[in-house]
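Enquirer: The following block contains the structure, expressed as structure tokens.
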Amino acid sequence: MITQLRGILLESTPLMAVVEAAGVGYEVHVPITTAERLPGSGKECVLFIHAVYREDSQTLYGFAERSDRDFFRLLIEKVSGIGPKIAVTILSRMSVETLKSAIAQGDVALLSKCPGIGRKTAERVVIELKDKVFAAGVGLGTSAVAASGTSAGAAGSSAFQDAVSSLVILGYKPADADKMARQALTALGGEASTEALLKRALNG
């Protein structure tokens with residue numbers, strides 16, 4: 001079972017990456033939240049892998065952080081009606097920390113805005129995962145996208161969540177607010193304050 005893949009990034013799109021390791025090119029399906037943190041082509045990267053083996057196919061799903069992969073596994077293993085493709089779509093829309101926060105708060109309205117999820121499925125997500133999202137190992141942000149260490153792994157900070165909430169209050173859609181705050185966090189680092197994250201997110 002492949003659980004981690006380290007190699008040279010040959011190419012990438014918003015939902016796919018090709019990584020060469022030991023002379024073999026691996027096609028890996030990734031959420032947008034991982035794709036936007038990949039290094040440039042020709043550079044080394046590390047992805048945490050969930051492999052799906054079927055009689056007629058072998059599919060790899062890759063994530064920037066172990067916590068992202070663990071949350072992906074919770075979605076597909078614990079929530080009826082959510083398979084790998086829908087789970088990748090969900091993780092493409094919002095970061096794991098924002099999704100976990102929504103689940104913990106029972107925010108069905110926010111979850112149902114993710115493509116592929118209706119209100120009933122969103123309710124199942126809350127019911128099935130509310131007690132599991134902060135279980136040991138699920139909330140750890142161990143990032144290894146690039147050998148350089150560039151990471152948004154500190155996205156679980158209260159400053160990040162406060163920045164997302166503030167952007168939503170200002171009128172931004174939750175998914176857009178999440179993306180803007182993550183980009184600001186990547187640029188400024190995990191110790192950035194809410195004010196600094198907001199300023200960076202709003203000024204680009």
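No value in this document is a laboratory result; all are computed from the given coordinates. Just so you know, these numbers come straight off a predicted model, no measurement behind them. Methodologically, a virtual Cβ is constructed for each residue, glycine included, from the backbone with ideal geometry; neighbour enumeration extends over all protein chains shown.
Enquirer: Output wanted: per-residue J couplings in Hz (rounded whole) for region 74-91, from phi through Karplus 6.51 cos²θ - 1.76 cosθ + 1.60, θ = phi - 60°, x for Gly and Pro.
Expert: 3J(HN,Hα) across region 74-91, in whole Hz: 4, 4, 7, 8, 10, 10, 4, x, 10, x, x, 5, 5, 4, 5, 4, 4, 6.
Enquirer: Related question: Per residue of the chain, what 222 nm ellipticity follows from adding -39500 (n - 2.57) for every DSSP H run with n ≥ 4, rounded to the nearest 500?
Expert: Calculated at 222 nm, the ellipticity per residue is -12500 deg cm²/dmol.
Enquirer: Give me 46, 88, 79 sorted ascending by neighbouring Cβ count inside 10 Å, so fewest comes first.
Expert: With the sparsest Cβ surroundings first, the list reads 46, 79, 88.
Enquirer: Another question, then. Given N residues in region 4-63, what is Rg(Cα) / (2.2 N^0.38 Å)?
Expert: The reported ratio for this selection is 1.04.
Enquirer: Further, regarding this structure: Around residue 19, under 10 Å between beta carbons, what's the net of Lys plus Arg minus Asp minus Glu among the other residues?
Expert: Charge balance in the 10 Å sphere: -3.
Enquirer: Can you put 179, 120 in order, fewest other beta carbons within 10 Å first?
Expert: 120, 179
Enquirer: Report ³J(HN,Hα) in whole Hz for each residue of region 116-127, in order, from the Karplus equation J = 6.51 cos²θ - 1.76 cosθ + 1.60 where θ = phi - 60°; Gly and Pro get x.
Expert: Result, ordered by residue: x, 10, x, 5, 5, 5, 4, 5, 5, 4, 5, 4 Hz.
Enquirer: Which trypsin sites (Lys or Arg not before Pro) in region 21-90 sit in a loop by DSSP (not H, G, I, E or B) and have at most 13 other Cβ atoms within 10 Å of their own Cβ?
Expert: 43
Enquirer: Based on other C-beta atoms within 10 Å, arrange 133, 126, 30 from fewest to most.
Expert: Listed from fewest to most nearby Cβ atoms, that is 126, 133, 30.
Enquirer: Okay, next question. Can you spot the aspartates and glutamates whose alpha carbon is less than 18 Å from residue 130's alpha carbon? Ignore those fewer than 8 places along the same chain.
Expert: Straight-line reach from residue 130, under 18 Å: 68, 70, 77, 97, 107.
Enquirer: Apply the Kirkwood formula to the chain: the hydrodynamic radius equals the inverse of the mean of 1/r over all pairs of different alpha-carbon atoms; give it in Å with one decimal.
Expert: After inverting the pairwise mean of 1/r, the radius is 17.2 Å.
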